[in-house]
Amino acid sequence: MNASSHDVTALLHAWTAGDIAARDQLVTVVYQELRRRAAGQLRRERRGHTLQPTALVHEAYMRLVDQRRMAWQNRGQFFGVACQMMRRILVDRARAHRMAKRSGQWARVTLDDFVRETPPVSVDVLDLDAALTRLAAFDPRKCQLAELRFFGGLSLAEAGEAVGISIATAERDWQAARAWLLKELRGERPHDA
């Protein structure tokens, strides 16, 4: 179901006003879009992760309905908050996975096994989260835009709308944020932050 931005915004306003039926209808309207975005994010996860797009959307939804004080404004804001929820879920799961690895549940790997493996094509979600936190310290808008792009799979236009900036500004901010994050993730920090 491909709902217009107006339909989603109207349902969000009704939900904010306390209409639980609007909240439930909103889920049916945005579910496939959230699932598509979750699937895109999970494709970038480490090999062997066990979280499925449906589970990620359901967990994010459970956190979204707990947002009782949220004054929903529009579709972009809703997807922005949903992206933040998905980011938190993925970061929490990555931390739990890392803790499990440190708890003595090691797997022995021979050198032959190591050589046969292909290098990972994804970025470690904890490293990305830490880099985004550092970016937020001096440029929150670029951080928010990058978060929406990485964790929500939003287009530049959608992310720009969610942040409240023009597409041209979103493009400039995205280029700068992506370049900065790439340097951070490669360990090429030119600053003393």
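The values are calculated or read from the model by the stated rules, or taken from the named source; none is laboratory data. Quantities reported herein were computed from a predicted structural model and do not represent experimental measurements. Positions of Cβ are generated from backbone atoms using ideal geometry, with glycine treated the same way; all protein chains shown enter the neighbour counts. Keep in mind that these areas ignore ligands, DNA and RNA; they rest on the heavy atoms of the full protein, side chains included. Shrake-Rupley method; radii C 1.70, N 1.55, O 1.52, S 1.80 Å.
Checked across region 35-55, the condition of being modelled with pLDDT of 85 or more, among the acidic types (D, E) and surrounded by 14 or more Cβ atoms within 10 Å (Cβ to Cβ) holds for no residue. Reported count of residues in region 10-46, each being in a loop (DSSP other than H, G, I, E, B) and among the basic types (K, R), is 2.
Per the conditions (1) farther than 16 Å from E161 by Cβ; (2) modelled with pLDDT under 85; (3) hydrophobic (A, V, I, L, M, F, W, C), the sole criterion not satisfied by A3 is (1).
Against the test of being surrounded by 14 or more Cβ atoms within 10 Å (Cβ to Cβ), of a type in the set (D, E, K, R), modelled with pLDDT of 90 or more and not in a loop (DSSP other than H, G, I, E, B), the options R88, R134 yield a single qualifying residue, R134.
A count restricted to region 155-164 and to residues that are open to solvent by 10 Å² or more (accessible area, probe 1.4 Å), small (G, A, S) and touching a Leu at 6+ places or on another chain (Cβ under 9 Å) stands at 1.
Every test in (1) open to solvent by 60 Å² or more (accessible area, probe 1.4 Å); (2) in contact with a Cys (Cβ under 6 Å, 6 or more places away or on another chain) is passed by G152 save one, and that test is (1).
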